[in-house]
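Peer 1: Just passing along the structure, written as structure tokens.
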Amino acid sequence: METIQPARPQNYPIWQRILGVLRMTHLFPTLMVLVATFIFGLVASKGQLDWANFGRVWLVVLCGHSAIGIANDYLDRQRDAIAQPYKPIPSGLVHERFAFWLLVGLLLTATLTALTLPVGAALLALVCTGSGLMYDFLLKDSYLSWIPYLLSFSSFPLFVWAGLNRFEASLLWLYPPALLLVIGINLANSLPDIDTDLAEHGSRGLGHLLGTHRALRVIWILFTAAPLLCLALSLIISVNRVLAWPACVLALVAVIVSYFAPRLRPGRPGLTLVWQLTTFSTLFVAVGWLAALTLQ
């Protein structure tokens, strides 16, 4: 492991180091995924959660998703030392060796816990975590960077249902809007760093191919199309429209608000806000559509 020199002295108080570890897990998307896991669990069990079983499902998601975030920061530590020295590892908040062993521990915990679940759930957990690591190690700077997102985020709800022994064939209707959402969230995630990554590292992800302005337009198209597709599907297949339609409306409101974010907050803050709002839009569609498919 190549050692980098931190940009600042390392005499940080313990609370700052803890915050650094949390930031390294990519805290905002991790919290969103954990909230989604809880809501999916409630929907899948129709409010009758088996807490012991759900605890294992939740632990797999927590450890797997955190490991993916830490792997991303660990692999990018050299270029972050130049482009984003305030991040936990290059700033010295978190030592790179600690980050490495924390990553290993989280992956082991996620894998061993997944193996205590039904076979289908264990396989889906491996797909979710493995595809996230495939993004970090192989495809992050590739035009194919959206593929791990498709594998991870479309398998994630199925994992929760399978982990709770509640899998239903109707869940496969998740995939049409999921394709739009995962490509959109892949673009939105890269959006704040597109210009920096191009200038400093020559990155070649899908967002870098499009450029910031075209990526924004594609993001708004995809996140508008996903809830509209759910609304259209709700007219031709059997779903709970009382749940589907309000969720789709909330998702569209989040997209409309994101349209004004770059104008109200120019530069990186506005682009970060677009990413956060589209994450909420994804959550609204995913939860509402899955609930509509299973609670009829």
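The values are calculated or read from the model by the stated rules, or taken from the named source; none is laboratory data. All of these numbers come straight from a predicted model, not from anything done at the bench. A quick note on method: Cβ atoms are made from the backbone with ideal geometry, for glycine too, and the neighbour counts reach across all protein chains shown. Note: accessible area is taken over every heavy atom of the protein model, side chains too, but ligands, DNA and RNA are not part of it. Shrake-Rupley method; radii C 1.70, N 1.55, O 1.52, S 1.80 Å.
Peer 1: Could you please find all residues in the range 41-81 being open to solvent by 60 Å² or more (accessible area, probe 1.4 Å) and over 21 Å from Ala162 (Cα atoms)?
Peer 2: Leu75, Gln78
Peer 1: Which fully enclosed helices (runs of 4 or more DSSP H) of the range 14-108 have 2 or more residues being modelled with pLDDT of 90 or more, of a type outside the set (Gly, Ala, Ser) and within 30 Å of Trp289 (Cβ to Cβ)?
Peer 2: 27-44, 51-75
Peer 1: Here's something else I'd like to know. Restricting the range 160-173 to residues that are touching a residue at least 60 places away in the same chain (Cβ under 8 Å) and closer than 23 Å to Ile237 by Cβ, which is surrounded by the most Cβ atoms within 10 Å (Cβ to Cβ)?
Peer 2: Val160
Peer 1: In the range 96-110, what count of residues is obtained for those that are touching a Ser or Thr at 6+ places or on another chain (Cβ under 8 Å), farther than 13 Å from Ile68 by Cβ and open to solvent by 40 Å² or more (accessible area, probe 1.4 Å)?
Peer 2: Summing the residues that are touching a Ser or Thr at 6+ places or on another chain (Cβ under 8 Å), farther than 13 Å from Ile68 by Cβ and open to solvent by 40 Å² or more (accessible area, probe 1.4 Å) in the range 96-110 gives 0.
Peer 1: How many residues are more than 17 Å from the chain's Cα centre (by Cα) and part of a loop (DSSP other than H, G, I, E, B) if we restrict to the range 109-140?
Peer 2: 4
Peer 1: Now, a different point. Residues that are closer than 30 Å to Val43 by Cα and charged (D, E, K, R): list the helices (runs of 4 or more DSSP H) wholly contained in the range 168-276 that include at least 3 such residues.
Peer 2: Counting at least 3 such residues, we get no helices (runs of 4 or more DSSP H) at all.
Peer 1: Quick check: is even one residue across the range 223-240 more than 27 Å from Ala83 (Cα to Cα), open to solvent by 50 Å² or more (accessible area, probe 1.4 Å), in contact (Cβ under 8 Å) with a residue 12 or more places away in the chain and touching a Cys at 6+ places or on another chain (Cβ under 8 Å)?
Peer 2: yes
Peer 1: Return the residue satisfying two criteria in turn: it lies in the range 177-192 and is closer than 20 Å to Ala247 by Cα and not aliphatic (A, V, I, L, M), and of such residues it is surrounded by the most Cβ atoms within 10 Å (Cβ to Cβ).
Peer 2: So the residue we want is Gly184.
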